[in-house]
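Below: the structure, in structure tokens.
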Amino acid sequence: MTAVPGELPIASDPADTGQSAEDLRTLFGQSIAVFASLVGPEHLVETANPAFFAAIGEQRARTGVPLVEVMPELADQGFIALLDQVYRTGEPYTGRDARIVLGEEPHAREAYFDFTYEPRRDAGGTVIGIRVIGVETTQVKHAQRLMAEHRAMLEQIARQAPLAEVLDGMARCIENLAPQEMLVSVLLADPDGKHLRHGAAPSLPDFYNQAIDGIATGEGVGSCGTAAHRREPVIVTDITADPFWTDFRDLAGRAGLAACWSTPILARDGSLLGTFAMYHRTPRVPQDTDLALARVFAGTAALAIERHHIEQAKLAAEAQARAAHDELAKAVRAERELRAEAEQRAAAAAELTAQVRAAAAAQATAPHPERCQLGGTQECTAPAEIKIADSWGDSAWGCPGHVEEAILNVRAVFIASEELGGLAAYLNR
């Protein structure tokens, strides 16, 4: 509670007459501002407008009893002590964005009020009671917090923070904004849209996250699988009785989950990006504010996921471009190496050809024996028809059989008697 002494005091009537009280009841009767008139040191509820009882709960609408009996939770939050002080001192108090927990668990709710405790006086100026005038600012307060958190997330997305960091922060933000305990989960769709993968779920147990990681999208596959399949929100208010949860009911029971509201996360072209789920410990029906919150953050998650996909595609394209460049550079280097090797081989071949021609010229004038010179120790008596030589200038005449054997087994040997018909004799043997 924040209470500011002396801030914006409202002047008290010099005398609290019955007519002035009636005028106030008329003034605040249909107002959205809360109004209650308390009397005596015990702060008996003399009268209150419908907005006051709507704020604290219609089931507690009573008059003629101390306020602490109507709202016992006020005692531990400092509000009764503040009433005592205003009654004792006669000084009004104004509170701004005062936080108050209304009701008791499991139906307690967090609320915020701008309020004034104004002393009531009789004709003699004696304090006889207190007027409570206020306006509930809960929605404004939550909207301010929502805008601040939403802006922070958009800044994260703009500076290209990792997707896991953005989604985890978003889940924690929603859990903190929710007036009642809520556990948030974000699942990401595979590229084919047939399965959902873990994205973020900071408050769900690890065994639960691991169990649902990779679930299929399809009708009746829990809240998230069905929402992904239908491309529309799926609200399960009681997991223990819903047929969508037949295969996951025991798992949800071990995790202490009783309700699950799932909203699909869709890209601008309508394709599936994932699901955004709100879990509760007790069966719950969503309010309009819950559904609005889900839509806002499903849209934010879509922005973050699409941005992530764009960045991933960009990185993949850059990697492919680098790989293609590297392959091209490698091919160019290989081509240069092959060209250099070919040039070396060409030079070696030219040199060898020159040597062969020089050797052939040198052997052209050698005498032509009558018998084959290639028979070795066994000597060959066949006519010498073909002259062979090598690049070192050695030469010999031989029969076609021995010449062929020499050519096949000695790499440097070549026919050196083409001008004498030796080649033709060899080919036409």
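Below, the figures for the structure above:
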quantity	calculated
Those residues of segment 71-106 which are in a loop (DSSP other than H, G, I, E, B), in contact (Cβ under 8 Å) with a residue 24 or more places away in the chain and under 45 Å from the mean Cα position of the chain (by Cα), in sequence order	Met71, Gly78, Gly103, Glu104, Pro106
Among the candidates Glu175, Glu165, residue that is surrounded by 15 or more Cβ atoms within 10 Å (Cβ to Cβ) and not aliphatic (A, V, I, L, M)	Glu175
Test: residue in segment 128-135 that is closer than 30 Å to Val296 by Cα, of a type in the set (A, V, I, L, M, F, W, C) and surrounded by 14 or more Cβ atoms within 10 Å (Cβ to Cβ)	yes
Among (1) within 22 Å of Asp168 (Cβ to Cβ); (2) among the charged types (D, E, K, R); (3) at pLDDT below 90 - the single one Arg281 does not satisfy	(3)
Qualifying residue in segment 367-377 (condition: hydrophobic (A, V, I, L, M, F, W, C) and either loosely packed, with under 10 Cβ neighbours inside 10 Å or modelled with pLDDT under 70 (or both))	no
Residue in segment 344-360 that is more than 30 Å from Gly274 (Cβ to Cβ) and modelled with pLDDT of 85 or more present	yes
Glu155 open to solvent by 70 Å² or more (accessible area, probe 1.4 Å), modelled with pLDDT under 85 and more than 16 Å from Ala298 (Cβ to Cβ)	yes
All positions within segment 121-147 that are of a type in the set (Ser, Thr, Tyr) and within 19 Å of Phe53 (Cα to Cα)	Thr137, Thr138
Filtered residue count, segment 204-243, keeping only those that are open to solvent by 30 Å² or more (accessible area, probe 1.4 Å), assigned to a helix (DSSP H, G or I) and within 18 Å of Leu291 (Cβ to Cβ)	1
Test: residue in segment 113-120 that is charged (D, E, K, R), more than 48 Å from the chain's Cα centre (by Cα) and surrounded by fewer than 16 Cβ atoms within 10 Å (Cβ to Cβ)	no
Selection within segment 136-146 - buried (at least 16 other Cβ atoms within 10 Å of the Cβ) and out of contact with any strand residue (DSSP E or B) (no Cβ under 6 Å at 6 or more places or on another chain)	His142, Leu146
So Thr89, is it modelled with pLDDT of 90 or more and exposed (fewer than 15 other Cβ atoms within 10 Å of the Cβ)	yes
Residue list for segment 403-417, filter: touching a Leu at 6+ places or on another chain (Cβ under 8 Å) and open to solvent by 70 Å² or more (accessible area, probe 1.4 Å)	Glu405
Number of positions in segment 35-48 that are surrounded by fewer than 17 Cβ atoms within 10 Å (Cβ to Cβ) and in contact with a helix residue (DSSP H, G or I) (Cβ under 7 Å, 6 or more places away or on another chain)	1
Where a residue in segment 184-195 is assigned to a loop (DSSP other than H, G, I, E, B) and its partner, wherever it lies, is charged (D, E, K, R) and surrounded by fewer than 23 Cβ atoms within 10 Å (Cβ to Cβ), with Cβ under 8 Å and at least six apart	Asp190/Arg197
Selection count, segment 49-83, where residues are under 17 Å from Ile128 (Cβ atoms) and either basic (Lys, Arg) or open to solvent by less than 60 Å² (accessible area, probe 1.4 Å) (or both)	4
Residue match in segment 278-291 (condition: assigned to a helix (DSSP H, G or I) and among the aromatic types (Phe, Trp, Tyr))	no
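Conditions (1) over 16 Å from the mean Cα position of the chain (by Cα); (2) more than 20 Å from Met153 (Cβ to Cβ), marked per residue:
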position: Gly274; (1), (2): no, no
position: Arg284; (1), (2): yes, yes
position: Asp288; (1), (2): yes, yes
position: Arg295; (1), (2): yes, no
position: Glu306; (1), (2): no, no
position: Ala313; (1), (2): no, yes
position: Glu318; (1), (2): yes, yes
position: Ala321; (1), (2): yes, yes
position: His325; (1), (2): yes, yes
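The values are calculated or read from the model by the stated rules, or taken from the named source; none is laboratory data. Being a predicted model, the structure only gives us computed values, none of them experimental. Cβ: placed from backbone, ideal geometry, glycine included. Neighbour counts: every protein chain shown. Please note that ligands, DNA and RNA were not included when accessible areas were found on the heavy atoms of the full protein model with its side chains. Shrake-Rupley method; radii C 1.70, N 1.55, O 1.52, S 1.80 Å.
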